[in-house]
Structures are given as C-alpha cells and as structure tokens.
Amino acid sequence: MNSSFFLLTVNSSGSLLPIIISITILLVLLVGSALISGSEVAFFSLKPKDIDVLENETEKYAITTLALLDKPKDLLATILIANNFINVSIIILSTYLSAQFMQDGPFKLMVDIVGITFVLLLFGEVIPKVYASKNGLKMTKMMSAPLKKIGNVFPINILRKGLVSGTSIISNLNKKKSIDVSSDDLEHAIKLTKAKNEENEENHKILEGIVKFGSKDVKQIMKARTDVVAFDVNTSYKKLCNEIIKFGYSRIPIYKNSFDQVAGILYVKDLIPYIEEVENFEWNALLRKPYFVPETKMIDDLLKNFQEKKMHMAIVVDEFGGTSGVVTLEDILEEIIGDISDEFDTDDLQYSKLDDTTYVFEGKTPLVDFYKVIDIDGKEFEESKGESDSLAGFIIEQAGKILLKNEKVTFANISFIVESADKRKVKRIKVVIEPKIEHDEN
C-alpha cells in the first residue's frame, strides 16, 4: 500500500532527481537562513571590548566588519532582505516537496503550515541566534565577507537602497517640529497658569526655578570666602575635630598658608575610622583632590560635572586664580526646589520682615536670595547689577561709593537705606518696597 502510494505521488515520470535536487537546495537554504539570522544578532550585539579587538586587528575580516558597522542601516537592510528571500524560497520548495509525497488534504495543510514554520523558527532563527549571542566575534568573522557581497548583488542592492531611503523619509515625517520657545515665553506661560491655579504654588516655584536655571552662573549662588568654614593644613587633630563638631559640615576645604591655596577637601566620613587617634595624627593625608571652577561657569554645566565626577563641592576661583568661595551640589539644587535644610542647619535668617513692605537684610545676602524673599523675578536688578552678586554690592554699584549709615539708594520702586556700615563694607540694609505707579496712557 505504501509502495503504490509513493510511486503514485512521487513523480509521474518515475524520476527522483528533481526531488533530490530540491531537498539539497532546501538544506542549503536552511543553512543560509541560519547564518544570516545569526549574523543579525552577532553584528548588533558586539560589545565595546569586541569593537576594540576588531580595531586592533589588521585582518581583512576585521576591516570588513568595521566597514559594515559604520553603516548599520545598510547592514540591517541587507540582512532582512536576504533572510526574507531565503525564507520565501524555503517555503516554496517545502510546499513543492510536500506535494510530491502527500495528497491534498488536512494533513498536508497541517504539515505545510505547522511543520515548515517550526523548522524555520527552530533551525533558521532560534538556534543560530542563541549561538551568535554567545559567539559574536566568530560569527562576524565568518559572515562579514558574504554579507558584503550579498549587499552588492542585484536585486538586493536596489532593494537595500530603497528600504534605507524609505525608512529615512518616514523618520523625517514622524519627527516633531521643534518649537522655538524662549525662557521669557516659558516664564510668562507659568505666570498665567499660576494666576489661574494658585493651589500648586510650590510646583510653580519649581517650574520657575527650572526656567531660570540655565541663566545663572556659579558666582550668583556660591558661598563667599568670608562665610566659608575652612582650616589650615597644619591644624592639630584635636582642634580640627572640635571645630568639625561645632560647625557640622560634612565636607571642608583645607588650605595651606591662605585660602587662596586650597590643598584639598576633607570628607568628615574619612575621619570616622580614626576617631580615637592621638593628637599628632596626620589627618591631612586623608585629603581629596579639590575641584576648581571659575566664577563664570554656568550652574547647569556644573551640575553635569558634579554628576560625572561624583562630587558635591567645588572651589570657586576668580580671574586671577584667587579663591572666591565654594559651591555645592545643594546650592545648585536649591535654585530649583528651594531651600534644603538638614539637622545641622540653623534657623538664623539673614533678614527680618517688619511688615508687608519693609525688610531688614544683611549686606552679604545674595541677590538671588533677596529676589526670593521679596518675590520678584529680579530682571531689572540683573541688568543693572554689574559685577555685584550681594545686596550690599548692588547698592554700592548703584551709588558708586561705599555708603555710610542712613544713606539711601532707590532702584525701581524699592528704597535701600543703610542701617549699619563701616569704611570697608555695608553690613545691614533696610529695604522698603514702594507701590508701583500705574501710568495712565490717556
């Protein structure tokens, strides 16, 4: 029965040669599908160290592989087109062979659909890709030259160019047009939403901080050198520990002779293992290398530097190389989210509010803090402040001299009255905010 079925369906002429040739071609195509599928994983899963290996080799396969990787879209298009050609050919040949051995019916249909799909997935996709993921360099060495030749064979070369061009056009169409919005526009939009929704005041403050973030430099937010807690490198260990406990800082600049010669940064956590050491303990051996930044560095750039270097403090230097002060990661973040307090921060404010329109500020109060307290954007001040960054510096800039007690400076609708000063600096200032005069256009 089986013999008559085979003779009946194998071939009307009784020849097995076409079937043998078809099976041979089918096996070759299946191997080709496996190699090309594996190549996709091998080429696109190479690690940086694998690329370094290829760059250091002079063999032809390494040069060819790097050339293919330089044009990843072309390489991927070649792999996909070639793989689809081979898979379609496998399906056609498999269907032809099944027709030679089986009559039409449900069983033949099941073999054509399930059987061929299973073989293609297992031997043409899964196994080669698993192998390629573990042996990427070997696979690229074997397939770099064949893929280069396949990519230049007609009609694959034409289809490859068309596919790459088509995807580029689609990508360009899908790109959203960039909207050129200035910081002033964003600030105005935030003010409009703030006026309509006053409940989320904290969120609006954060948004305003983000908008202004990119326009501020280090000098505007740093702690001036006169307010920095720092120690000489020759300070005794006992005195150092007592001072650290007194001030409560976790990172402290250490200088040699003067603060203009910062030797390093002392991390208090580095001292913990040596807390029981004797008086002559050489604590200065624990210093970490300081990071210096100019006064003019923008704080958004400094934030990136802090992230890259995994640092929290920088020493700010002026144009002559002298130390102007220090800036910390906390100072930068406070420009966005507002004041950050910890268990060591004191509640000693640098200003007093006498009523809704009258304040008393310390002269050293940074202008950015002054803006926050009286709730103004500070644009007019920033345009007129010159080189000053403190409230005292601003009024001295406006007056052109060091003001004495009871002298007054008016800027915009704000009056600044000196309450305490000496020949060298302005110490305390009373600020009186006058109501703005609305001009009638008529």
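The values are calculated or read from the model by the stated rules, or taken from the named source; none is laboratory data. Treat the numbers as computed from the prediction; the structure is a model and nothing was measured. Reconstructed Cβ throughout: ideal geometry from the backbone, glycine too, with neighbour counts over all protein chains shown.
Scanning for something within 14 Å of K364 (Cβ to Cβ), touching a residue at least 12 places away in the same chain (Cβ under 8 Å) and in a strand (DSSP E or B), does the range 400-416 turn up at least one residue?
No.
In the range 417-441, which residues are over 17 Å from E362 (Cβ atoms) and modelled with pLDDT under 85?
K423, P435, K436, I437, E438, H439, D440, E441
Does N56 meet the test of being polar (S, T, N, Q) and surrounded by fewer than 15 Cβ atoms within 10 Å (Cβ to Cβ)?
When the stated conditions are applied, N56 passes them.
Scan N84, N56 and give me the residue that is farther than 23 Å from L29 by Cα and polar (S, T, N, Q).
Exactly one residue qualifies, and that residue is N56.
Suppose we filter the range 221-246 for residues that are under 26 Å from F370 (Cβ atoms) and surrounded by 11 or more Cβ atoms within 10 Å (Cβ to Cβ); how many remain?
Number of matching residues: 8.
Of everything in the range 381-423 that's charged (D, E, K, R) and more than 40 Å from the chain's Cα centre (by Cα), which residue is surrounded by the fewest Cβ atoms within 10 Å (Cβ to Cβ)?
Among residues in the range 381-423 that are charged (D, E, K, R) and more than 40 Å from the chain's Cα centre (by Cα), the one surrounded by the fewest Cβ atoms within 10 Å (Cβ to Cβ) is K423.
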